[in-house]
Amino acid sequence: MIALILAAIPLAIVASTPLLLAVEGELVTQRSGMINLGIEGMMLVAALTSILGSRASGNAFVGFMAGIGGATAIALLFGVFAIHVRADQIVTGTAINLLALGVTGFVYRGLAADLFSQREAAAGSTSIVLLAWIVFPIVLALVLWQTSFGLRLRACGENPGAVAAAGHSVAAHRWWALAIEAIAAGLAGGYLSLAYSGFAENMTAGRGFIALSIVIFGRWKLKGALLGTAIFGFAAAAQYALQASSENVPPHLLLAVPYVVTLLILCGVAGRVRAPESLGK
């Protein structure tokens, strides 16, 4: 069993890459004072636009850029309501998820199903893995904790009044945070459809909500985010190993293993974390 789990770890790292990208994007957004439940919808739309862009151009890079474009469109929608209209962020994010699920499902059913079912074998998928696990964490750590821009962005999540009093725009910093999240979510959605087996309805399968829980588990820090995602990936590796070695266990029960582990982790840290003071305000 241990050998099977160790052998499955590289696959788990690859499989958890889109989750890590979502975690990194959501961490930046929450540090700015917004909680974006709509990241699930961002990833789902990005998965759809990536496959459409790749098929139309015959180029995987164009597909990833199309995915970022799709995620950006959803980020703009969320930003208009959350930043300018100042609507409830939880309600806005939930509505965006329902809208994304409906629109992507409508497009999927309206076009030929085989347009989405063939494997893309996206070039550069290995680069996305390195980007998610190495490049993004380093760059975000430097930007958030070593620059004045990062200090102001984090202050927007703690004391936006102080940022405004210093002559800086809270809205502008939150728009920048959404832009970073759109890039991360766009790459995550693109990776799901281009590096896996095409697009399918609701293919994100709750990864956006898992990302939200990992941000909480990681205490809104990149080291914790990496650790939380690694734990989820290890649970996924255990799931793969169990599927390979267990003949009498229902496969749907095994698929729940990573999510159960995430829930247990959250139960363990609940009540012992401090969110950014102005998160969701």
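Each reported figure results from applying straightforward, stated rules to the coordinates on display, with no laboratory input. What you are looking at is a predicted structure, and each value in this text was computed from that prediction instead of being measured. All Cβ positions, glycine included, derive from the backbone under ideal geometry; neighbour counts span all protein chains shown.
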In what sequence do 149, 64 fall when counting other Cβ within 10 Å, fewest first?
149, 64
Per-peptide average of other Cβ atoms within 10 Å, ordering 179-186, 136-143 highest first
179-186, 136-143
